[in-house]
Amino acid sequence: MPPRLLDQALSAAFQASLTSEEARPTRFRLLLTPMRELPEDGVPNHGVLRLPFDHSRPLHADELRRLAPAVPFETSLIGAHAEEEKLRIWGIAHSGPAWLAPTWGGRNLVPTWTHDPVVHVTGPGKLAVRCAGKLVGAIERGLLVDTTLDVFDSDWLAAMFAREREEVRAEHNALQARSASPTSVDPILVGRVGQQMLRRAIQLVRGARHGGMILVVNAGRESPSNGLDGLRLKYRFGQGEPSHRYRTLLLQILEAVAAASPKGSVGWADFASNESEHLEKLEQAVFELGRVIANLTAIDGAVVLDKRLGLLGFGAEVSAELPTPRRVWRALDREGREREPDDFENVGTRHRAAYRFVNDHPDGLAIVISQDGGVSFVANREHEVVFWEQSVSP
């Protein structure tokens, strides 16, 4: 696309981001691809359902503002193309949520048949530009960036769940021992499936705009209360298979990927490239668990998971009697090696509760989603409370 037309699209999108429609913030994706270049199969998540208007409309901020509520950010895009050296809106492209992977969780089904830009508008002054799913640039907190801080890619977060990953691999190996050709699984695959569920839950809470907090405790399944010191859990789940359904689904996913591969070991690439209907149903079941977690954040208090991502309960209150950390640190890089001190009082109630929780539970993790859509990960690193501001440009 010529730079002049891209400038036009970015200018209109930025102006639209500063508007609202009936008190709703303006959020949308702008697809800068001619309709004729989109696949015709009309299958959302894999292809796209093209819905052209009877005549094109001018691309400007007011038109984008008016269309945005009818074109949900998560599943559809506003389509635009060049006519007589100006951009015009040709209609709506319904893609399904898979195009938002991996930010939203799931295998990367972002189309590679076009390298035209897609402009993401997620809030006032918040823009990102992607081509074939890859970030080109974004505006975050008033700064132009070309990379994002993704805590899910950090080594420290992977290390926090290392024991649980090995438990899953051992359980999978025991099931595979009965097979004529046993297949092992890469620990990265085990970890990333759980990440996809958490990513989906986080994005759903962001979309609901009520905020929420997820606490992960180091609790054994046999005695889950051992990890709940300092927490008042208003609604507690029974510890049967339903509250630990994620483990069931994870083992079924690993079994399905292994069964489809002739190799002795399978990893994320094998999962991502497997197009079987059975595996897709299992993946959707994992996403539905993410939706359950997101729904539970709608009331006051935190959702509490164990490190196996089993549900312990919700409506949890972090005791005000837990000691307040001497100080908290803002991480400036993915691993938290570069930090700067931050004011403990310069945050809301959820963040202060998260700081007290990880200060008292050094093996725990807190994920705080603010009403404005910001996401913070809070952990105890070398006996210091550290938080990361997760990049959320989809």
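The values are calculated or read from the model by the stated rules, or taken from the named source; none is laboratory data. Because the structure is predicted, anything quoted here is derived from the model rather than measured. We place every Cβ from the backbone using ideal geometry, glycine too, and count neighbours over all the protein chains shown. All accessible areas refer to the heavy atoms of the entire protein, side chains included, with ligands and DNA or RNA removed. Shrake-Rupley method; radii C 1.70, N 1.55, O 1.52, S 1.80 Å.
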> Does Gly290 meet the test of being within 24 Å of Arg247 (Cα to Cα), in contact (Cβ under 8 Å) with a residue 60 or more places away in the chain and either acidic (Asp, Glu) or not in a strand (DSSP E or B) (or both)?
Replying inline: yes
> How about the stretch 354-375: which of its residues are over 25 Å from Val118 (Cβ atoms) and open to solvent by 10 Å² or more (accessible area, probe 1.4 Å)?
Replying inline: Arg356, Asn359, Asp360, His361, Pro362, Asp363, Ser370, Gln371
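I need the full set of residues from the stretch 303-328 which are within 19 Å of Val386 (Cα to Cα) and open to solvent by less than 50 Å² (accessible area, probe 1.4 Å), in order please.
Looking only at the stretch 303-328, we keep the residues that are within 19 Å of Val386 (Cα to Cα), and these are 318, 322-328.
Of everything in the stretch 303-328, those that are within 19 Å of Val386 (Cα to Cα) and open to solvent by less than 50 Å² (accessible area, probe 1.4 Å) turn out to be Val318, Leu322, Pro325, Val328.
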> Within the bounds of the stretch 199-209, is there any residue that is at pLDDT below 95, outside any helix (DSSP H, G or I), surrounded by fewer than 19 Cβ atoms within 10 Å (Cβ to Cβ) and on the phi > 0 side of the Ramachandran plot?
Replying inline: yes
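Kindly evaluate Leu6 against the criterion of being assigned to a helix (DSSP H, G or I) and either small (Gly, Ala, Ser) or farther than 30 Å from Asn274 by Cβ (or both). Quick ask: steps written out before the conclusion?
On the way: assigned to a helix (DSSP H, G or I): yes; either small (Gly, Ala, Ser) or farther than 30 Å from Asn274 by Cβ (or both): yes.
The answer is yes for Leu6.
If I go through the stretch 183-198 residue by residue, how many of them are within 29 Å of Ser391 (Cα to Cα) and outside any helix (DSSP H, G or I)? Quick ask: steps written out before the conclusion?
As a first pass, look at the stretch 183-198 and keep what is within 29 Å of Ser391 (Cα to Cα): 186-198.
Those still in the list that are outside any helix (DSSP H, G or I) too: 186.
Of the residues in the stretch 183-198, 1 are within 29 Å of Ser391 (Cα to Cα) and outside any helix (DSSP H, G or I).
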>> Testing Trp99 on (1) open to solvent by less than 20 Å² (accessible area, probe 1.4 Å); (2) assigned to a helix (DSSP H, G or I); (3) at pLDDT below 90, one condition comes back false. Which one is that?
In response: (1)
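One residue is enough: does the stretch 353-365 have a residue meeting the conditions touching a residue at least 60 places away in the same chain (Cβ under 8 Å), outside any helix (DSSP H, G or I) and of a type in the set (A, V, I, L, M, F, W, C)?
Taking the stretch 353-365 as the starting set, the residues that turn out to be touching a residue at least 60 places away in the same chain (Cβ under 8 Å) are 353-354, 356-357, 360-361, 363-365.
Still in the running and outside any helix (DSSP H, G or I): 361, 363-365.
Adding the requirement that they be of a type in the set (A, V, I, L, M, F, W, C) leaves 365.
Yes, that holds for at least one residue.
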> Taking the stretch 136-158 on its own, how many of its residues are outside any loop (DSSP other than H, G, I, E, B), at pLDDT below 90 and farther than 12 Å from Ser391 by Cα?
Replying inline: 4
> Residue check, Ala298 against (1) in a loop (DSSP other than H, G, I, E, B); (2) modelled with pLDDT of 95 or more; (3) more than 18 Å from Gly211 (Cα to Cα), all met but one. Which one?
Replying inline: (3)
> If a residue has to be assigned to a helix (DSSP H, G or I) and open to solvent by less than 50 Å² (accessible area, probe 1.4 Å) to count, how many in the stretch 160-182 make the cut?
Replying inline: 7
> Under 6 Å by Cβ, and 6 or more places apart or on different chains, what pairs join a residue from the stretch 375-394 that is at pLDDT 95 or above with one that is assigned to a loop (DSSP other than H, G, I, E, B) and surrounded by fewer than 20 Cβ atoms within 10 Å (Cβ to Cβ)?
Replying inline: Asn380/Pro362; Val385/Pro325
> Which of the residues belonging to the stretch 260-295 are buried (at least 16 other Cβ atoms within 10 Å of the Cβ) and among the hydroxyl-bearing types (Ser, Thr, Tyr)?
Replying inline: Ser261
